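These notes are about the structure you will find just below.
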Amino acid sequence: MADKINNCKGIIALDLDGTLLTTEKSLSKVNKETLAQAAADGWAIVPTTGRFYGAIPQTVRELPFVRYAITVNGAEVADLESKKTVYKAEIPYKQVIEIMEFLDDYPLIYDIYQGGEAFMTAGMKEKIDVMTDDVHYRKMLKELRQPVDDLKAFIAQRKQDVQKTQFVTYDAEIHRQLMQILPQKFSDIVLTVTAKNNIEINNTKANKGEALWALADYLGVPRENTIAFGDALNDMAMIKASGTGVAMANACEEIKAAADFITLSNDEDGVAYGVNKFCLNKV
């Protein structure tokens, strides 16, 4: 087993939801075949997601050419073949408990990503349908959050730092207020919105841009030889950090404004179009 990819031409960093995956959360044949061609040409194909690794769809995890993954909004960069952590940036567990104690005064539910798994207080998990009407997001929360009796007590007992904590609220005004209040009240955190009604909280060093640079340095790839595809605000750091930032046609306006190029939508194989244009010179 090689320590790392040799003579890597560059990195293709791919957000999943709203980018590589269709609206129905599937991987198209065109995207799959195009990425296989890029991998054969020497490019590292890197899923770059807010999800923890186990929550990445099996169709993506089973791609034979995927060796590295940037997960939890950049909180971890993993070499999947050697089981090595290339980079990590977590939130101290005591701070997470403090954040949750503050959030307990609001109508919302929260969870954590820790050690590549997701946990939620059982009573909060029962309120998922009340907090969001996004069908796909509901399904993901229900399937991937392991219920515990009390999440704060669970964290305190484990004494392990947290990759990410996030919350969901049906109240748009409270959502707006907390986006302003939380960074002022708690230090060294960054907020992102990746789905309707949610706010994700990471360490300030846990962003897809820092993670992309860490992987590029690890592989000996010049940072200008990186290309990033994204659609949501948690993709902003890597869109700006990459040599070429590509926004999906379905991306939010902020991502489109920051990108170097706007490709087709996630339901029109926009990743394949961008890879063909910038990496395989076929467009």
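The values are calculated or read from the model by the stated rules, or taken from the named source; none is laboratory data. Quick caveat, the model's predicted, so the values are computed rather than measured. Virtual Cβ from ideal backbone geometry, glycine too; neighbours counted across all protein chains shown. Areas reflect the complete protein model, heavy atoms only, side chains present, ligands, DNA and RNA absent. Shrake-Rupley method; radii C 1.70, N 1.55, O 1.52, S 1.80 Å.
At a probe radius of 1.4 angstrom, the accessible area of the range 91-193 per residue rounds to 49 square angstrom.
Taking all protein chains as shown and a probe of 1.4 angstrom, THR23 keeps an accessible surface of around 70 Å². With both labels modelled 7 Å from their Cα along Cα-to-Cβ, the GLN157 to ASP267 distance reads 4.5 nm. Fully extending the segment from LYS196 to ASP260 would add 20.4 nm, taking 0.36 nm per residue of separation and subtracting the current Cα-Cα distance.
Dividing the mean sequence gap of close Cα pairs (under 8 Å, 6+ apart) by how many residues the chain holds gives a relative contact order of 21 percent.
What does the C-alpha gyration tensor say about the overall shape of the range 111-259? Classify as rounded when a/c is under 1.5, otherwise prolate if a/b is larger than b/c, or oblate.
Numbers: a/c = 1.95, a/b = 1.48, b/c = 1.32.
Prolate, because a/c is 1.5 or more and a/b exceeds b/c.
Full extension of the chain between GLU62 and ILE174 gives 36.4 nm of extra length, using 0.36 nm per residue less the Cα-Cα distance.
Among the complete DSSP H segments of the chain, which ones combine at least 18 Å of alpha-carbon extent along their axis with a mean Kyte-Doolittle hydropathy of -1.0 or more?
Working: long enough: 172-185 (20 Å, -0.49).
Those that pass (Cα extent of 18 Å or more, hydropathy at least -1.0) are 172-185.
Residue by residue, the range 104-115 carries 3J(HN,Hα) couplings of 4, 7, 10, x, 7, 10, 9, 8, 9, 10, 8, x Hz when phi is fed to the Karplus relation 6.51 cos²θ - 1.76 cosθ + 1.60 (θ = phi - 60°); x denotes Gly or Pro.
When the helices in the chain are scored as -39500 (n - 2.57) per DSSP H run of 4 or longer and the sum is shared across all residues, what 222 nm value do you end up with, to the nearest 500 deg cm²/dmol? One gets -9500 deg cm²/dmol as the mean residue ellipticity at 222 nm. Counting only protein heavy atoms and a probe of 1.4 Å, the accessible surface of the range 70-125 is 48% carbon and sulfur.
One decimal place: the segment GLU253-LYS139 gains 38.4 nm when fully extended, by the rule 0.36 nm per residue minus the C-alpha distance.
Evaluating 6.51 cos²θ - 1.76 cosθ + 1.60 at θ = phi - 60° for every residue in the range 198-203, the Karplus couplings come out as 10, 9, 9, 10, 10, 4 Hz, glycine and proline recorded as x. Rolling a 1.4 Å probe over the protein heavy atoms gives the range 1-70 an accessible area of 41 Å² per residue. For the range 69-86, in order, what is each residue's ³J(HN,Hα) by Karplus, 6.51 cos²θ - 1.76 cosθ + 1.60 with θ = phi - 60°, in whole Hz (x at glycine and Pro)? My calculation for the range 69-86 gives 9, 9, 10, 6, 6, x, 5, 8, 10, 10, 8, 5, 6, 8, 6, 9, 8, 7 Hz in order.
Enter the per residue convex hull volume of the range 125-197, computed from alpha-carbon coordinates, in Å³ rounded to the nearest integer. Can you show the working numbers first?
Values: hull volume 8.3 nm³, N = 73.
Once divided by residue count, the hull of the range 125-197 is 114 Å³.
Neighbours of LYS240, meaning other residues whose beta-carbon lies under 12 angstrom from its beta-carbon, give a summed charge of -2 when Lys and Arg score +1 and Asp and Glu score -1. Loop-resident GluC sites (Glu not before Pro) (DSSP state other than H, G, I, E or B) in the range 51-135 with no more than 13 further Cβ atoms inside 10 Å of their Cβ: GLU62, GLU126.
For the chain, what is the percent of antiparallel DSSP beta bridges, rounded to the nearest 5?
On the way: 26 of 46 bridges.
Antiparallel: roughly 55 percent of the beta bridges in the chain.
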